[in-house]
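Below is one structure, written out as structure tokens; comments come after it.
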Amino acid sequence: MSTQLRRAVASSFLGSLIEYYDFLLYATASAVVFGKVFFADLDPALATVASFGTFATGYLARPLGGLIFGHFGDRLGRKRMLVLTMTLMGVSSFLIGLLPGYDKIGSVAPVGLVVLRVVQGIAVGGEWGGAVLMSAEHARSRRGLWAGFTNAGAPSGMVVSTLAMSGTAALTSEADFLAWGWRIPFLLSIVLLGIGLFVRSRVDETPAFLAAAKKEERRRLPVVAVLRDHPRVLLLGIGVGLAAFVVQATLTTFVLAYGVQQGHPRQEVLNALTVSSACAVVGILLWSALSDRVGRRPVVLAGVVVMAVFGFLLFPMVRSGSGFLLVLALVIGQGVIHPMMYGPLAALYSELFATENRYTGASLGYQLAGLGAGFAPLIFAQLQRANGGGSTTPVSWTIAAFCVLSAVCVLALKETNRRDLTPDLTASTADRQREENRQ
């Protein structure tokens with residue numbers, strides 16, 4: 001493992017951890033705090049829906065971030081964009097920690113929350129593609145494992161954000177937590193930002209991008225190249241990732257609110273989420289490494305099939321009232337099954353596109369699939385509200401439907417784990433595109 005690869009992997013993992021700490025901290029807060037702080041004039045059920053609605057705006061903004069930073073990342077380089085995305089995320093999260101609640105500034109509070117959430121979405125939308133490519137394009141072998149560290153940053157960020165939120169909740173009273181305690185984890189973002197920028201500054205630009213940049217030819221806009229040369233691959237890539245994101249949001253956001261509604265203490269649910277997120281880090285790396293040996297498709301396909309079934313067991317385990325079954329449900333779901341669906345995606349998306357438009361293509365595919373995570377809690381909360389908080393069977397069927405869609409898309413894609421990411425400088429861009437489409 002070369003020094004630059006080691007730095008690239010560390011930078012991608014830490015950058016992803018920080019980005020998702022901020023992004024998923026909002027998810028936790030939207031489930032347990034924001035309904036009371038920013039939507040205090042609504043009835044509790046509707047406030048939860050509104051809170052998840054602002055959560056969804058971040059996912060709506062992610063494709064825009066992927067498009068913007070993907071374009072400049074393909075033109076100017078991966079490293080520059082990653083510094084900018086990390087700065088945007090850290091500053092916007094810090095400002096959320098300073099934002100007054102509804103009782104202080106009225107309707108301006110939720111509007112400000114939405115604006116800052118959009119900035120978060122743009123930042124994380126641009127971060128993921130660049131972070132994955134920094135590892136994938138530096139790697140000479142075991143690309144699935146090294147790229148998987150970026151995806152492992154998401155549950156790592158969840159662990160840190162949940163610990164920060166639950167630790168603050170444990171050290172403050174209920175009233176103090178709602179008044180000011182929840183703000184502390186958001187304000188800590190500025191410290192993480194400084195650490196992340198230091199680590200990221202020590203990583204060189206990727207060899208694949210530098211090689212492609214030496215090719216003197218007139219290049220189309222990256223997004224045009226993706227939409228014209230890879231429309232089928234882009235659509236299939238979106239479909240492959242949809243189920244993983246729906247399940248991710250179910251396990252990390254919706255189940256958090258549902259568990260509290262079913263009588264589990266908030267701290268117990270947060271602790272279960274912390275344990276399962278820690279297991280997810282290991283699971284992602286193990287399944288990603290396995291995908292280097294057996295291929296991306298078999299691992300992802302096995303995950304979506306198993307999750308389609310487990311979705312019907314998840315909610316009965318949560319509403320059983322048993323703390324042990326709550327932890328077991330989240331560990332199996334988030335720590336074992338979901339990593340099968342999610343871990344290999346980092347390498348898979350980077351292998352679907354040519355170097356000249358890889359940042360744009362990978363980001364668009366991943367972030368458009370990510371819309372599933374943004375809307376799933378909102379849809380599920382509406383389903384719960386519509387039936388008076390009764391049966392979760394419609395939710396389980398919805399999860400299963402997304403899993404079936406992803407399975408079909410996985411089967412329609414060709415295996416990519418043996419693809420070379422280094423551009424052939426003796427061929428034109430069009431020739432390289434046609435060659436990659438044949439693979």
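The values are calculated or read from the model by the stated rules, or taken from the named source; none is laboratory data. Predicted model, so just to flag it, every value in this text is computed and none were measured. With ideal geometry, Cβ positions are generated from the backbone for all residues, glycine too; neighbour counts draw on all protein chains shown. To get the accessible areas, we keep the full protein, side chains included, count just its heavy atoms, and leave off ligands, DNA and RNA. Shrake-Rupley method; radii C 1.70, N 1.55, O 1.52, S 1.80 Å.
Any idea what % of Cα-Cα pairs in the stretch 216-326 are farther than 17 Å?
Values: 4072 of 6105 pairs.
More than 17 Å apart: 67 percent of the Cα pairs in the stretch 216-326.
Accessible area per residue, 1.4 Å probe, Å², for the chain: what's the number? Show your work: numbers first, answer last.
Values: 15790 Å² over 439 residues.
On a per-residue basis, 36 Å².
Give me the net charge of PHE149's neighbourhood, meaning all other residues with Cβ under 15 Å from the Cβ of PHE149; Lys, Arg count +1, Asp, Glu -1.
Working: positive: ARG6, ARG7, ARG142, ARG143, ARG200; negative: GLU19, GLU127, GLU137, ASP292.
Residues close to PHE149 contribute a combined charge of +1.
Given the C-alpha centroids of the stretch 352-409 and the stretch 295-331, what is the distance between them in whole angstrom?
Rounded to whole Å, the Cα centres lie 16 Å apart.
Working with all protein chains in place, sort ARG142, ARG200 by solvent-accessible area computed with a 1.4 Å probe, largest first.
ARG142, ARG200
Taking amide H positions as placed in the peptide plane 1.01 Å from N, state which residues far from THR206 in sequence (5 or more) or on other chains have amide H under 5 Å from it.
Close amide H contacts, sequence-distant or interchain: ARG78, LYS79.
Taking only Cα atoms, what is the 0 to 90° angle, nearest 10, from helix 371-386's long axis to the longest principal axis of the chain?
It works out to around 30 degrees.
Straight-line reach from LYS214: which lysines have a Cα under 26 Å away, not including same-chain ones fewer than 8 places off?
LYS79
Report the net charge of residues surrounding GLY90, where surrounding means a beta-carbon distance below 10 angstrom and charges are Lys +1, Arg +1, Asp -1, Glu -1.
Details: positive: none; negative: GLU19, ASP22.
Net charge around GLY90: -2.
Of the heavy-atom accessible surface of the stretch 212-345 (probe 1.4 angstrom), what whole percent is carbon and sulfur?
Working: 3400 of 5090 Å².
Whole-percent figure for carbon plus sulfur exposure: 67.
If you take every residue apart from ALA123 with its C-beta less than 10 Å away from the C-beta of ALA123, what net charge results, scoring Lys and Arg +1 and Asp and Glu -1?
Here the charged neighbours net out to -2.
Pop out the ³J(HN,Hα) list for the stretch 137-152 in order, Karplus 6.51 cos²θ - 1.76 cosθ + 1.60 with θ = phi - 60°, rounded to Hz; leave Gly and Pro as x.
So the Karplus estimates, Gly and Pro as x, are 7, 8, 6, 9, 7, 6, 4, x, 5, 5, 5, x, 4, 5, 5, 5 Hz.
When you take every Cα atom in the chain, what is the radius of gyration, and what is Dmax, the widest Cα pair distance, in Å?
20.8, 66
For the stretch 101-113, just list the computed ³J(HN,Hα) in residue order, Karplus coefficients 6.51, -1.76 and 1.60, θ = phi - 60°, integers in Hz, with x standing in for Gly and Pro.
x, 4, 5, 9, 10, x, 5, 5, 4, x, 5, x, 4
Give the range of the longest stretch in the chain that excludes all GluC sites (Glu not before Pro) found in loop regions by DSSP and having at most 12 other beta-carbon atoms within 10 Å.
Working: sites that count: GLU216, GLU217.
Value returned for the longest uninterrupted segment is 218-439.
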